[in-house]
Amino acid sequence: MSLKVEIRKRYRDFELAVSFDTAGSSLGLLGASGCGKSLTLKCIAGVVTPEEGRIILNDRILFDAEKKINLPPKDRRVGLMFQHYALFPNMTVRGNIEAGIRRKEKRRLMLEYLTMMLRLEGKLERYPYQLSGGEQQRVALARMLANEPEALLFDEPFSALDAYLKNQLQQELLGVLREYQGDILMVSHNREELYRFCNKIVVAHQGRVIESGDKAELFGHPRLLTTAILTGCKNISRARKLTDYSVEALDWKLRLVTDRPVEDWVNHVGIRAHNLRPALDGERDNTLSVLWAELAEGPFENQYLLRCSSGEGACSLSWIVARKEWQGGLEKQAPARIMLPAESLLLLTDSNP
Amino acid sequence: MDWSPLWISLSTAVPATILTFFLGIFAARKITKVAGWFGKLLDILLTLPRVLPPTVAGFLLLLLLGKNGIPGKYLWELGIQIVFTRTAAIIAAVVISFPLMYRSAKGAFAQVDPSLIYAGRTLGMTECRIFWRIILPNAMPGVASGTILALARALGEFGATLMIAGNIPGRTQTMPLAIYMAMQGGRQQEAMVWVLLLIALSFVMLLLMGYFARGYRRSRRKENEPES
């Protein structure tokens with residue numbers, strides 16, 4: 001099971017040049033809007049033709065510019081779920097699902113099976129606009145599965161939903177996809193979504209793949225500044241290597257000890273807002289004296305903006321702390337020094353490969 | 001009073017609209033795919049009858065279909081005369097009403113969400129099926145209002161009809177021509193009857209158009225705001 005993609009496509013003054021391999025697991029493509037994620041999916045599904053490269057699904061060549069192979073979408077056996085589902089508004093749920101059924105002789109069986117699996121009983125004669133967002137998504141999934149695809153592509157599957165529904169639907173979709181045998185490729189700008197659904201993550205930036213790897217590794221130790229930002233790192237400083245196990249954070253005016261060796265390419269250092277903690281008495285390394293600036297209260301966690309007392313005006317850190325922890329003592333006395341634990345530091349570079 | 005202009009008008013405008021409907025849809029579908037300057041040229045040529053005086057269209061049609069024209073000459077040799085017949089009136093109405101249908105259909109097709117078409121393709125539907133099952137139904141409000149506009153225009157056609165079909169009472173005299181002739185002959189009351197009838201017909205057609213446009217907006221709104 002694998003989907004190998006290596007394509008190049010020009011679109012006005014934008015150039016898409018991505019390559020990745022799902023290698024039998026579910027792959028997430030993370031990137032900000034406009035980085036070419038949707039275009040990549042359209043190329044794989046065959047509704048847009050790239051200029052160069054190849055797309056291979058389980059040893060079947062879907063596209064090869066050199067060999068002049070370009071299978072039409074219907075022969076690719078690739079299911080694509082569009083961002084807003086693209087259900088046919090003029091057809092009922094039944095019509096939508098039947099439009100996707102590949103083997104027409106199995107129409108009745110397939111429809112029954114999908115209706116049961118995706119809990120669409122009693123909804124078959126409704127039109128898409130009469131369905132809730134979640135139901136629409138299940139119909140889109142049913143229609144896609146009816147076509148018996150060898151790979152499933154999802155384009156921002158949850159962007160059209162509100163937060164409460166999103167969580168519920170993610171659980172549901174996880175359940176359905178667990179049974180699915182083929183490859184899964186999901187694109188999103190939402191890191192949490194991809195973390196939930198995918199094992200491997202590829203980071204795209206301005207039409208190129210800049211970093212990829214196992215999701216835990218990629219979130220834990222990104223190498224590139226852009227990856228750190230896309231995976232949600234809020235605190236970043238320019239940095240300079242001092243020794244093999246220390247750097248100078250230029251924006252924070254601070255010497256930081258690291259637990260990983262500092263490579264020569266390191267020129268930025270970052271730390272996630274969750275990983276900061278108040279400094280204990282006697283701790284000097286990796287600590288910074290701070291002033292309180294802003295508080296953004298959340299239901300379960302608070303986000304603070306800390307201003308460094310030593311640095312210049314621009315130096316600030318974002319700190320996210322659970323409410324519980326806050327109420328258990330921090331509330332009474334705010335820490336004057338904050339700790340940047342060595343094991344949580346991200347050693348980054350801004351030069352893309 | 002001779003009621004034949006009503007019957008002649010309807011039996012001209014209705015077949016003309018049916019023809020225009022299919023020709024307009026066909027052209028809108030094909031010409032959108034013709035790229036470059038040639039596509040633009042075709043687009044202008046097909047829209048031209050809308051801005052030209054109908055008499056210009058009538059003149060050109062006479063040149064083509066008259067005894068010395070091509071294909072008029074050959075049709076004449078085969079014993080088929082088109083000029084001054086009901087067929088000529090239908091052709092005139094088609095030519096004049098065509099741009100309305102073509103433009104409306106083109107606009108309506110362009111409005112259809114491309115991801116619906118992409119979805120159809122990935123699901124293995126043929127292009128033909130995608131057109132009849134997805135594009136056309138979803139463009140229906142625009143196509144329907146284009147059809148009504150074309151019908152209204154065909155019913156009101158005067159200039160080109162007069163030139164190529166003539167004004168033969170009982171054969172090619174449509175309602176607009178009857179109004180003109182009645183006034184020429186000083187029969188104002190008779191003209192008034194036709195005028196009121198045409199106003200009533202047009203009123204109904206505009207009412208229908210408004211109905212389609214409303215239905216269209218309603219379905220759009222529901223699509224954009226799914227109940228949750």
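Taking 0.36 nm per residue of sequence separation and subtracting the Cα-Cα distance, how much length would be gained by fully extending the chain between A:GLU325 and A:LYS106, in nm to one decimal?
Details: separation 219, 0.36 × 219 = 78.84 nm, distance 5.77 nm.
Gain on stretching A:GLU325 to A:LYS106: 73.1 nm.
Over 15 Å, how big is the tail of the calculated P(r) for the range A:246-296, in percent of all Cα pairs? Mind dumping the intermediate values first?
Numbers: 726 of 1275 pairs.
Result for the distance tail: 57 percent.
When chain A is treated as a Gaussian network with alpha carbon springs shorter than 10 Å, the biggest mean-square fluctuation among A:GLY328, A:GLY31, A:GLY79 belongs to A:GLY328.
Going by how many other Cβ atoms sit within 10 Å of their own, how do A:TRP319, B:TRP37 line up, fewest first? Could you put the intermediate results ahead of the total?
Values: A:TRP319 23, B:TRP37 8.
Final ranking by Cβ density, sparse to dense: B:TRP37, A:TRP319.
Give me the Debye-computed log₁₀ of I(q)/I(0) at q = 0.18, 0.21 Å⁻¹ for the range A:233-348, equal point scatterers on Cα only, no solvent, two decimals. Treating every Cα as an identical point scatterer, log10 I(q)/I(0) equals -0.89, -1.16. Normalising the average separation of contacting C-alpha pairs (under 8 angstrom, six or more residues apart) by the number of residues puts the relative contact order of chain B at 29 percent. Computed on the protein assembly as shown, the Cα convex hull volume stands at 239 Å³ per residue.
Panel order for A:HIS84, A:HIS221, by other beta carbons found within 10 Å of each beta carbon, from fewest to most: A:HIS221, A:HIS84. Between A:ARG10 and A:ALA32, the simple label model (points 7 Å from Cα in the Cβ direction) yields a spacing of 2.5 nm. Applying the criteria of a DSSP loop state and at most 12 other Cβ atoms within 10 Å to the trypsin sites (Lys or Arg not before Pro) of the range B:137-196 yields no site.
The local environment of B:ARG121, defined by Cβ-Cβ distances under 9 Å, has a net charge of 0 under the rule Lys, Arg +1 and Asp, Glu -1. Say R0 is 60 Å: what FRET efficiency, to the nearest 0.05, do A:LEU242 and A:SER159 get from their beta-carbon distance? That pair, A:LEU242 with A:SER159, gives E of 0.90. Between B:GLU77 and B:PHE38, the C-beta separation translates, for a Förster distance of 41 Å, into a calculated FRET efficiency of about 0.75. Calculated from the alpha-carbon coordinates, the range A:1-150 shows an Rg and a Dmax of 16.9, 50 Å respectively.
May I ask you to give the average projected area over all directions of the convex hull of the Cα atoms of the range B:1-105, in nm² rounded to one decimal? Could you put the intermediate results ahead of the total?
Numbers: hull surface 32.6 nm².
If you wrap the Cα atoms of the range B:1-105 in a convex hull and average its projections, you get 8.2 nm².
Antiparallel beta bridges, as assigned by DSSP with both residues in the protein assembly as shown, represent about 75 percent of the total such bridges. Along each principal axis, taking the top coordinate minus the bottom one, the Cα set of the range A:80-195 gives 41, 31, 20 Å in descending order.
Taking GluC sites (Glu not before Pro) across the range A:28-133, the ones in a DSSP loop with at most 10 further Cβ atoms lying within 10 angstrom of their Cβ are A:GLU66, A:GLU121, A:GLU125. Over all directions, the projected convex hull of the C-alpha atoms in the range B:70-228 averages 13.8 nm² in area.
Hey, fewest Cβ within 10 Å first, where do B:PHE98, B:PHE21 land in order? Intermediate values should be presented prior to the final figure.
Numbers: B:PHE98 24, B:PHE21 20.
Fewest to most other Cβ atoms nearby, the residues stand as B:PHE21, B:PHE98.
FYI, it's all coordinate maths here, none of it is from the lab. None of these values were measured; they are calculated from a predicted model. Ideal geometry is used to build each Cβ from the backbone, glycine not excepted, and the neighbour counts take in all protein chains shown.
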